[in-house]
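Participant: The following block contains the structure, expressed as structure tokens.
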Amino acid sequence: FSFATNTFTGLFNIATSSPIFNVTAGGNIGINTSSPSVKLDISSGNLRLSDSQNIQWGGTTNFITGSNASNLLAFNTNNIERARLDSSGNLGLGTTSPASLLEVYSATNTNTQLTITAATSSTYDALLTFRTGAAAPTTRFNLGVDQSAGNNFVISTTTLGTADLFSINYASGSV
């Protein structure tokens with residue numbers, strides 16, 4: 001065991017036969033590495049924070065906080081909680097108490113909108129699929145925009161455009 005300066009590649013290090021803790025001339029800190037390549041480089045280990053502590057970026061207003069006692073992770077921007085993953089596995093966007101697997105909430109006087117975009121509109125459909133069954137889920141309904149049918153809104157039991165139950169024509173609005 002050694003406690004020294006200017007050993008290995010660092011200005012300061014704690015080591016046995018290999019570095020345990022190392023601070024380089026460039027200010028990088030290595031844990032279990034003699035050559036940290038970033039400000040904090042942890043090799044073969046975990047990082048643990050005390051309960052309800054934050055990981056922050058560039059100040060104090062953008063951070064992730066976690067609580068082992070409450071079993072949650074929260075994501076904050078501009079000092080406002082924007083998303084929360086709770087102890088039940090529910091994800092809330094805009095709410096600190098999501099009531100379902102995914103809850104999107106807006107407290108402002110604007111429409112609450114969930115957007116699904118197919119990046120290549122001439123090839124792929126933008127759709128939402130509803131399925132049931134645990135081991136091998138079966139698609140029950142697809143709701144979406146069928147690009148092969150002139151971007152009509154379609155409700156289908158399989159691939160859009162093949163077993164359509166309902167369709168609204170994009171150009172005319174007719175059903």
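The values are calculated or read from the model by the stated rules, or taken from the named source; none is laboratory data. These numbers come from a predicted model, not from an experiment. Counting neighbours? That spans all protein chains shown, and the Cβs are built from the backbone with ideal geometry, glycine included. Each accessible area value is taken on the protein alone, full model and side chains, heavy atoms only, with ligands, DNA and RNA left out. Shrake-Rupley method; radii C 1.70, N 1.55, O 1.52, S 1.80 Å.
Participant: Among the candidates THR120, THR132, THR159, THR115, which residue alone is farther than 30 Å from GLY94 by Cβ and among the polar types (S, T, N, Q)?
Facilitator: So the residue among THR120, THR132, THR159, THR115 that is farther than 30 Å from GLY94 by Cβ and among the polar types (S, T, N, Q) is THR159.
Participant: Look through SER122, SER106, SER167 and report the one residue that is modelled with pLDDT under 90 and surrounded by 12 or more Cβ atoms within 10 Å (Cβ to Cβ).
Facilitator: SER106
Participant: Go through the range 48-69 and give me each residue that's assigned to a loop (DSSP other than H, G, I, E, B) and open to solvent by less than 80 Å² (accessible area, probe 1.4 Å).
Facilitator: The answer is ASP51, SER52, GLY59, THR61, ASN62.
Participant: For GLY150, all conditions in the list (1) in contact with a Phe, Trp or Tyr (Cβ under 6 Å, 6 or more places away or on another chain); (2) farther than 30 Å from ASN169 by Cα; (3) open to solvent by less than 60 Å² (accessible area, probe 1.4 Å) hold save one; what is the number of the exception?
Facilitator: Exception for GLY150: condition (2).
Participant: Output the number of residues of the range 153-164 satisfying the condition of being free of Cβ contacts under 8 Å to residues at least 12 places away in the same chain and open to solvent by less than 50 Å² (accessible area, probe 1.4 Å).
Facilitator: Residues in the range 153-164 being free of Cβ contacts under 8 Å to residues at least 12 places away in the same chain and open to solvent by less than 50 Å² (accessible area, probe 1.4 Å): 1 in total.
Participant: Next question. Considering ILE14, ILE29, ILE42, which residue is over 30 Å from THR112 (Cβ atoms), at pLDDT 90 or above, surrounded by 15 or more Cβ atoms within 10 Å (Cβ to Cβ) and not basic (Lys, Arg)?
Facilitator: Among ILE14, ILE29, ILE42, only ILE29 is over 30 Å from THR112 (Cβ atoms), at pLDDT 90 or above, surrounded by 15 or more Cβ atoms within 10 Å (Cβ to Cβ) and not basic (Lys, Arg).
Participant: Could we say that THR117 is over 30 Å from ARG48 (Cα atoms) and free of Cβ contacts under 8 Å to residues at least 60 places away in the same chain here?
Facilitator: In short, yes.
Participant: Further, regarding this structure: Of everything in the range 82-103, what is out of contact with any Asp or Glu (no Cβ under 8 Å at 6 or more places or on another chain), part of a strand (DSSP E or B) and surrounded by 15 or more Cβ atoms within 10 Å (Cβ to Cβ)? Give them in sequence order.
Facilitator: ALA83, ARG84, LEU85, GLU103
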